[in-house]
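Only one structure is covered here, and it is reproduced in the block below.
None of the figures in this text is laboratory data; all of them are computed from the coordinates on show. If you're wondering where the values come from, they're calculated on a predicted model, not measured in any experiment. We place every Cβ from the backbone using ideal geometry, glycine too, and count neighbours over all the protein chains shown.
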Amino acid sequence: MNLKSILTLAALAAIGVNASATTVTDWGALGPVPAVAFVTYDASHTGEAIDDIYTFTIADTSDVDAYGEEFEARSVSMPGATFTLFSGAYGGSGVTAVGSPITFTNTASETLYTNLVSGTYYFEVMGTVALAGSAYDFEAYANNSNPPSEVPEPANAALLLAGVGMMAFLGSRRRRQ
């Protein structure tokens, strides 16, 4: 190996130490039970970019509630912590942001995305690992924004008909007297 190759490999290795790979987690079908991520990065990742992806699908038009909170201590924080919702498959074409990035700190940030149509979505959580590490909690759940219309139970309908029949019977009996 010549000196130029060795220097190139050393430079690439140094860049790789400070780079952070994107972590992708598939939450599957999002529903009324929250999907939860509690993530920590220790001090060995100081200065690295955090780029965590949470993919999910929703089956029907739904409202999606998202909650993010950074945990801070004396030297633990996550500068620049944000989460953003995207419509479309992660890494696919035609992906669009739904709203703007939401900043979160050690005070929880919660937002509601209303009337999202059925399909594939993902949240991207971004920030930077601080001096002694970083930690955050991120949750999301979906509620169907168009619940099915109520259909009377057969027992209730039968009770209603029995009551109407009883009133008709009493009314006809009074007319005969």
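A few remarks follow.
- Peptide packing: for 101-108, 118-125, the average count of neighbouring Cβ atoms within 10 Å per residue gives the ranking 118-125, 101-108, highest mean first.
- The stretch between residue 103 and residue 39, if pulled fully straight at 0.36 nm per residue, gains 21.4 nm over its current Cα-Cα span.
- Inter-probe distance in nm under a simple model that places probes 7 Å from Cα toward Cβ, at residue 74 and residue 96: 5.0 nm
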